[in-house]
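The next block holds one structure in the form of structure tokens; read it before the comments.
The values are calculated or read from the model by the stated rules, or taken from the named source; none is laboratory data. Computed from a prediction, not measured in an experiment: that's the story for all the values here. Positions of Cβ are backbone-derived with ideal geometry, glycine not excepted, and every protein chain shown enters the neighbour counts.
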Amino acid sequence: MAAATTIPPESSRLALKPNAGDRALVGATTLATVIILAMLVIVLADVVIGGSHVLSWEFLTQAPTDGMTKGGIFPAIFGTVALTFLMTIVAVPAGVATAVYLTEYAPPDSRLARAIRVCIANLAGVPSIVFGLFGLGFFIATVGRAIDVAAYGGQPTYAKPSLIWAALTLAILTLPVVVVSTEEALRAVPRELRDGSLALGATKFQTVTRVVLPQALGGILTGGILAVSRGAGEVAPIMFTGAAYFLPYLPTHLNDQFMNLGYHVYVLATQSPDVDKTKPLLYGTVLVLLLLTFVLNLAAIAVRARFRRRLLQA
Amino acid sequence: MTRTLGIALAVCLAACTRTEAPSTTGADGGTVTPDKTSITLKGSDTMVILGQRWAEDYMKKNPGVTIQVTGGGSGTGIAALINGTTDVCESSRPMKDVEKADVQSKRGAVVVETKVALDALAIYVNEKSPLQEISIPALRKIYLGETTNWKDVGGPSHAIVLYGRENNSGTYAYFKEHVLENKDFAAATQTLAGTSAVVNAVKGDVNGIGYGGIAYLEGIRALKVKKDDASPAVAPSLVTAQDGTYPISRFLYFYTAGQPTGTSKKFIDWTVSADGQKIIGDVGYYPLPKT
Amino acid sequence: MASITTSVPVVERKQTRSLRRTTRWVERVAEGLVVGVSLVSIASVLLILVFVGKEALPILTSAKVHQEVTFGALFGSYGSAGYAWQPVSEVPKYSILPLFVGTLKVTFVALAVSVPLSVAAAVYVAEFAPRRLREYVKPAIELLAGIPSVVVGFFALIVLATWVQRVFGTEHRLNSLVAGFGLAFAVCPVVFSISEDALRSVPDAYRSAALALGSTRSQTLLRVLLPAAMPGIAASIVLGFGRAIGETMIVLLASGNAAILDASLEHSTRTVTATIAQELGEVVVGSPHYHVLFALGALLFLCTLGVNLVGERVVFGMRKRLGGR
């Protein structure tokens, strides 16, 4: 980033002694920062305080019983993991390939590259519920129907909310995250490395796979982690493409429905049979979901920081 | 090379797909699914806890059978029945003729209705509210937005805050038909996603009023209801619901496309048997009147 | 989501071709595969447009749907019932104006809260914070973006609503204010990240020059730095706006979901996204209600596309005028 190499604004310390206006400005902006940080802390604190006493090994490994008032949320954790795993194995290769095309193969000023960039930017802005509509209208109603007619004689096997459709919907939703992160990492690889590799007789493909991509691994990892974090937390796209409230089985087939942490939070918050009795379970689920996404985000930040430091050293 | 890849993919896909034995069409046009071990129940949020308890108990007594219960509102269940994505539809309101016709045209089967439980639609108020009873005409005026202040019905002077359900709810539809005489709810009614959300809202709002199944009464109070201004006020209870003196009591239904068969039939028969009906009381609704 | 518009150094690539004259088929296949997969992104956007549009089209073309609702009726009023959204009714009413007004209301609250806060915080972190502090504060604020929106909605429903009722004395526990404040949690990190990047990108020469000419820090900031960073800040606001109008779970849980058409922020309201989320589960595939919901989705999608386009134009124009980066 250009900003990383500019002279830090320590030079502004050479300014005149701050007057009242300056002090007020610094005060106001500090206050704003503190408020935003407070927002973060308050949410975390509320969830941790409300949910920590619920967390236990049983909570994480058992299924809910007695009308969601007792037991654990293991099926929801399993469903979330299965969903994000499927989503990742689709989104990451596709995103990396797209980023590789944009940085390595596309001729400069290529119209196709511009179109792809525009589409990625627009995908990033599509409301999550529209993805849900898309999943319903395309994957379930069209592709699923086609598969059913072709392979299962019209029996509704794939033309219904399924793990695979929800995963594909989420993969499209998180594609921009992977692409942007990978592209940033690819661009940061020094040109000399590529030129050197080609000069030594390697083909473009060999250069990309053996020289450039390994160098960009940090960014790819960051993108993947951020995508997983996003996918684990999204609810709107999966509400109608696969998530369910109470399933007596674990999703082991591609066309199974699944329980999901985020969806579980939504349902418990609005439709639980006994609000007081299910509140502990609700807070516990929120805490698990928050811990999951937070750990992932922190990991992404750590990877990105380490990767940037290494690059600066190189 | 592409062909082997395609075959490999198809095999993998097939291995990863859960299929049921193909259903055939029975004599009455209903779908006969031989020995299906997994059935889905979908629909009413009012009934979702009941459905879940039934499912849990039945699965304990019949290992090998899995019953999947989802809520979403009676309308969701009926839509699922029409779309073919559920075996049994749970509904807290009777199906409309238009919907039955849709099932006929889309699934080629006649809808079969089974009454499974009784519910008294409770009118929720906050525990601190001074109101004890209300008449149906007054309730109608409140939810149509004509009466907007509690003082007009005997409470303190304060605006009434209306809580209601989404329009896919059977409770919503029942209330609309039987209390509002099919007129529209006031636009200011907050639409909440489930009965428990309504309960939660009224619990936290002294000036709130809501409606929902009797089983959800936790931390709030149910008003006694008068059929009209001259009738006696009746509190919702097992007796008054079963003998019909509580004016807004309703049946809870299971709907299937065609006569239920196989696992669905066994499950539904069990729910209306003595064993199944006993559980209803635990959940908070009322068993069917013994005829 | 800051990485989406982080400014990246453009690595100038020469067209270095392999020394081999003959391209092996592996190269061809690899390039073809990479191009092919990249087309997924274009295909996705097109497919979304096509399939959401396809299911929305009957509202313009189908006579059967027109029996219940026409495209014009979506924007019109239903006589004495006013602009009502009551699809399940004796006379189904599909006025979408209350829904769009609801979206605008909560977005307005969200932006009114988050833009000043985030830009101010960005100023602090970029200009005034000591370097060590910056390395912790920036990721911390970006962590806010990592909170799933359903958790923010849950927090708004249970904690924020009570707080707002106590502080503002609102009659309705769930209203535009609560939903807007909840949305601010999601919008702040977006506006903050990009604004901070924009401020950091302003060359330090500007700062030195201003200070050398005798301006105070506040004058430097207000007269030199903010205008220079304005294209980036404007871009961040546009992105924040897009995020806010497209958000579903927070408003679904916290807005009260009453489709009223009025200007009060203290009344419950219903957004387009929440309507789709609430009602999609109950529609019969192919019914007029189903098509109207898809039409809503299509309109929403077009709105976000439009916002992005307008934003890009505005930012482009600003960049040209200000001559900044």
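The rows are residues; the columns are (1) touching a Gly at 6+ places or on another chain (Cβ under 8 Å); (2) basic (Lys, Arg).
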{"residue": "B:128", "(1), (2)": "no, yes"}
{"residue": "B:137", "(1), (2)": "no, no"}
{"residue": "B:142", "(1), (2)": "no, no"}
{"residue": "B:164", "(1), (2)": "yes, no"}
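Check whether at least one residue in segment C:39-47 is surrounded by 22 or more Cβ atoms within 10 Å (Cβ to Cβ), of a type in the set (S, T, N, Q) and facing another protein chain (nearest Cβ under 7 Å), and report yes or no.
The answer is yes, given that some residue of segment C:39-47 is surrounded by 22 or more Cβ atoms within 10 Å (Cβ to Cβ), of a type in the set (S, T, N, Q) and facing another protein chain (nearest Cβ under 7 Å).
Under the condition of being part of a helix (DSSP H, G or I) and of a type in the set (S, T, N, Q), which residue from segment C:21-67 is farthest from residue A:136 (Cα to Cα)?
Restricting to residues being part of a helix (DSSP H, G or I) and of a type in the set (S, T, N, Q), the top hit is C:38.
Among (1) in a helix (DSSP H, G or I); (2) at pLDDT 85 or above; (3) more than 23 Å from residue B:213 (Cβ to Cβ), where does residue A:310 come up short?
Exception for residue A:310: condition (2).
Within 24 Å of residue B:240 (Cβ to Cβ) and among the hydrophobic types (A, V, I, L, M, F, W, C): which single residue out of B:125, B:110 fits that description?
B:125
Tally the residues that are of a type in the set (A, V, I, L, M, F, W, C), closer than 17 Å to residue B:145 by Cβ and in contact (Cβ under 8 Å) with a residue 40 or more places away in the chain, restricting the search to segment C:80-105.
2
Any idea which residue in segment A:186-207 is surrounded by the most Cβ atoms within 10 Å (Cβ to Cβ), counting only those that are hydrophobic (A, V, I, L, M, F, W, C) and within 10 Å of chain C (Cβ to nearest Cβ)?
Per the stated criteria, the residue is A:186.
Being among the charged types (D, E, K, R) and within 14 Å of chain C (Cβ to nearest Cβ) is the filter; apply it to segment A:225-257 and report the residue that is surrounded by the most Cβ atoms within 10 Å (Cβ to Cβ).
Result: A:234.
Restricting attention to segment B:125-180, and to residues there that are among the polar types (S, T, N, Q) and in contact with an Asp or Glu (Cβ under 8 Å, 6 or more places away or on another chain), which single residue is farthest from residue B:251 (Cα to Cα)?
B:126
Answer yes if at least one residue in segment C:155-167 is touching an Asp or Glu at 6+ places or on another chain (Cβ under 7 Å), charged (D, E, K, R), under 21 Å from residue C:264 (Cβ atoms) and surrounded by fewer than 20 Cβ atoms within 10 Å (Cβ to Cβ), and no otherwise.
So far as segment C:155-167 goes, no, none of its residues is touching an Asp or Glu at 6+ places or on another chain (Cβ under 7 Å), charged (D, E, K, R), under 21 Å from residue C:264 (Cβ atoms) and surrounded by fewer than 20 Cβ atoms within 10 Å (Cβ to Cβ).
Can you give me the number of residues within segment B:265-276 that are modelled with pLDDT of 90 or more and touching a Lys or Arg at 6+ places or on another chain (Cβ under 9 Å)?
Going through segment B:265-276 one residue at a time, the tally reaches 2.
Residue A:208 - would you say it is modelled with pLDDT of 90 or more, out of contact with any Ser or Thr (no Cβ under 7 Å at 6 or more places or on another chain) and assigned to a helix (DSSP H, G or I)?
Answer is no for this residue.
With respect to the numbered conditions (1) assigned to a helix (DSSP H, G or I); (2) within 11 Å of another protein chain (Cβ to nearest Cβ), which one is the sole condition not fulfilled by residue A:107?
(1)
Any residue in segment B:46-60 that is within 23 Å of residue B:122 (Cα to Cα) sitting within a Cβ distance under 7 Å of a residue that is in a helix (DSSP H, G or I) and at pLDDT 85 or above? List the pairs, counting only those 6 or more apart or interchain.
Hits for this filter: B:50/B:280; B:53/B:279; B:54/B:271; B:54/B:276; B:54/B:279.
For segment C:245-263, give me each residue that is more than 13 Å from residue C:178 (Cβ to Cβ), more than 10 Å from chain A (Cβ to nearest Cβ) and out of contact with any His (no Cβ under 9 Å at 6 or more places or on another chain).
C:259, C:261, C:262, C:263
Matching residues to (1) modelled with pLDDT under 85; (2) crowded, with 21+ Cβ neighbours inside 10 Å; (3) over 16 Å from residue A:245 (Cβ atoms):
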residue	(1), (2), (3)
B:9	yes, no, yes
B:12	yes, no, yes
B:43	no, yes, no
B:50	no, yes, no
B:72	yes, yes, no
B:79	no, yes, yes
B:84	yes, no, yes
B:97	no, no, yes
B:100	no, no, yes
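Any idea how many residues of segment A:40-76 are closer than 30 Å to residue C:188 by Cβ, under 24 Å from the mean Cα position of the chain (by Cα) and either crowded, with 22+ Cβ neighbours inside 10 Å or not aliphatic (A, V, I, L, M) (or both)?
Qualifying residue count, segment A:40-76: 6.
I'd like to know if segment C:120-131 contains one or more residues that are without any contact (Cβ under 8 Å) to a residue 40 or more places away in the chain and crowded, with 22+ Cβ neighbours inside 10 Å.
Within segment C:120-131, one or more residues are without any contact (Cβ under 8 Å) to a residue 40 or more places away in the chain and crowded, with 22+ Cβ neighbours inside 10 Å.
Filter segment C:264-283 down to the residues that are part of a loop (DSSP other than H, G, I, E, B) and away from chain A (no Cβ under 13 Å) and list them by number.
C:264, C:265, C:266, C:267, C:268, C:270
Of all the helices (runs of 4 or more DSSP H) wholly in segment C:204-261, which have at least 2 residues that are among the hydroxyl-bearing types (Ser, Thr, Tyr)?
Fully inside segment C:204-261 and qualifying: C:204-212.
Name the pairs: first residue in segment A:38-64 and more than 30 Å from residue C:114 (Cα to Cα), second residue of a type in the set (Ser, Thr, Tyr), Cβ to Cβ under 8 Å, at least 6 apart or on different chains?
A:54/A:283
Assuming residue C:82 fulfils every condition listed in (1) surrounded by fewer than 22 Cβ atoms within 10 Å (Cβ to Cβ); (2) on the phi < 0 side of the Ramachandran plot apart from one, which condition is it?
Failing condition for residue C:82: (2).
How many residues does segment A:66-114 hold that are at pLDDT 90 or above and touching a Phe, Trp or Tyr at 6+ places or on another chain (Cβ under 7 Å)?
Qualifying residue count for the region: 3.
When you scan segment A:119-157, how many residues do you find that are assigned to a loop (DSSP other than H, G, I, E, B), surrounded by 18 or more Cβ atoms within 10 Å (Cβ to Cβ), in contact with an Asp or Glu (Cβ under 9 Å, 6 or more places away or on another chain) and not hydroxyl-bearing (Ser, Thr, Tyr)?
1
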